[in-house]
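Reviewing the structure listed below.
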Amino acid sequence: MENLRIPGPTPVPDEVLQAMAKPMINHRGPEFARILEDVTAKLKQLFQTKGDVFLLTGSGTGGLEAAIVNTLSPGDKVLSVTVGVFGERFASIAEQFGAEVIPLRFEWGKATDADAIRRALQVEPKIKAVLVTHNETSTGVTNDLASISSVVKEFDKLLVVDAISSLGSIELPVDDWHCDVVVTGSQKGWMAPPGLAMVSVSQEAWQAHSTARMPRFYWDFTKAKKYLETGQTPWTPVLSIVFALAVSLEMMLKEGLPSIIARHARVAKAARDGVKSLGLSLFADEKYASNTVTAVAASDGLDIKKMRKILSEEHKIVLSGGQQSLDGKIFRIGHLGWVTEDDIKAVISALKVVLPQAGFRK
Ligand SMILES: Cc1ncc(COP(=O)(O)O)c(C=O)c1O
């Protein structure tokens, strides 16, 4: 088996894979209702929320679209805080559905400055919502969401969070940090395959929803809530992934959220220390370096494409490259979900051999 060290999809434990071999059941019957109730309750624990949590069949991007179309109307002003590729995507979705997007961009590799958000909200009081990426997977940066949230809530704005590659791996107490809509995806820290977006919705988000006029059908939270009350989803759910998630969530609760968060911090430190020990530099500002993905800058003649090819073909280790303008400039090691320090040690040992083969001279 290869050591799949990309920031999602992530490796899936055998017990979880086996759960997907279960025969199909009636998604409008009592067995599915029990599973849905169980999975939703477990997700609420891990989201640390008493608000609503919905399972939406779709990838993380679908969850982001759901967050936008359920809370906003065309013409609404939104502040989009971006530090990389996924922040830009979030802003594009809002723009596509007619929001007036006010961008607040930070250099890629750096984190968001909460004071800059305060200034932006002072300049434009009509802003309705703030869109933030908690963990920017493209640059390996985790924003200080607690500080961002306290600024956003000073102004009583809606806080809509892409936590696709952080929730369940990095601390994010949804209610304590007053996050109104939070989106994650099954293929990230949740040790399950891709196919489900999981989304929390606060009371304030429901209020916004009651007047939100962006077009929506498939993603409508009103329908999701109405059906959940009867133990169903509005549309046919991706049953096999729900079976998988039921098992992975059980494993997560057994390990306990504080232990999971501590393990991710340890593994990430091993990744950062490891790459630095090889003479490489981190791309992200280390103060905000992510505990789920480490971005490494190419330097000293390193040909990232060649390095990834040799790693994959000769060492069965799969790393990610950079996205968009970061293509060829960085590579990324994913360490979220089902991961231990040994998985990262194997990456560092292989890199030691492969770096000189891929042109790195230090
Ligand atoms: C932070 C972040 N946002 C959004 C996405 C998009 O999710 P998906 O590919 O599941 O649509 C990803 C996926 O890598 C991500 O890491």
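A short reminder: the numbers here are calculations on the coordinates, not readings from a lab. These numbers were taken from a predicted model, which means no experiment stands behind them. Neighbour counts run over all protein chains shown; Cβ positions are idealised from the backbone, glycine included.
Quick notes on this one:
- For the stretch 209-234, a residue qualifies if it is among the charged types (D, E, K, R) and assigned to a loop (DSSP other than H, G, I, E, B), and the qualifying residues are Arg213, Arg216, Asp220, Glu229.
- Hey, Ala197 within 12 Å of the ligand (Cβ to nearest atom), more than 19 Å from Lys77 (Cβ to Cβ) and touching a His at 6+ places or on another chain (Cβ under 7 Å) or not: no
- Residues in the stretch 80-90 that are buried (at least 24 other Cβ atoms within 10 Å of the Cβ) and either hydrophobic (A, V, I, L, M, F, W, C) or touching a helix residue (DSSP H, G or I) at 6+ places or on another chain (Cβ under 9 Å) (or both): Ser80, Val81, Val83, Gly84, Phe90.
- Filter pass, Ser186 being without any contact (Cβ under 8 Å) to a residue 60 or more places away in the chain and under 23 Å from the mean Cα position of the chain (by Cα): yes
- When the strands (runs of 3 or more DSSP E) confined to the stretch 240-353 are screened for residues that are over 20 Å from Glu2 (Cα atoms), those reaching at least 2 such residues are found at 293-297.
- Helices (runs of 4 or more DSSP H) contained entirely in the stretch 40-124, each with at least 3 residues that are away from the ligand (no atom under 12 Å from the Cβ), in contact (Cβ under 8 Å) with a residue 24 or more places away in the chain and within 26 Å of Gln187 (Cα to Cα): 60-71
- Condition met for Ser150 (within 30 Å of Val267 (Cα to Cα), small (Gly, Ala, Ser) and within 16 Å of the ligand (Cβ to nearest atom)): no
- Test: residue in the stretch 162-175 that is acidic (Asp, Glu), surrounded by fewer than 17 Cβ atoms within 10 Å (Cβ to Cβ), over 27 Å from Ser259 (Cα atoms) and away from the ligand (no atom under 15 Å from the Cβ): no
- In the stretch 306-313 there is at least one residue that is closer than 21 Å to Gly337 by Cα and surrounded by fewer than 18 Cβ atoms within 10 Å (Cβ to Cβ).
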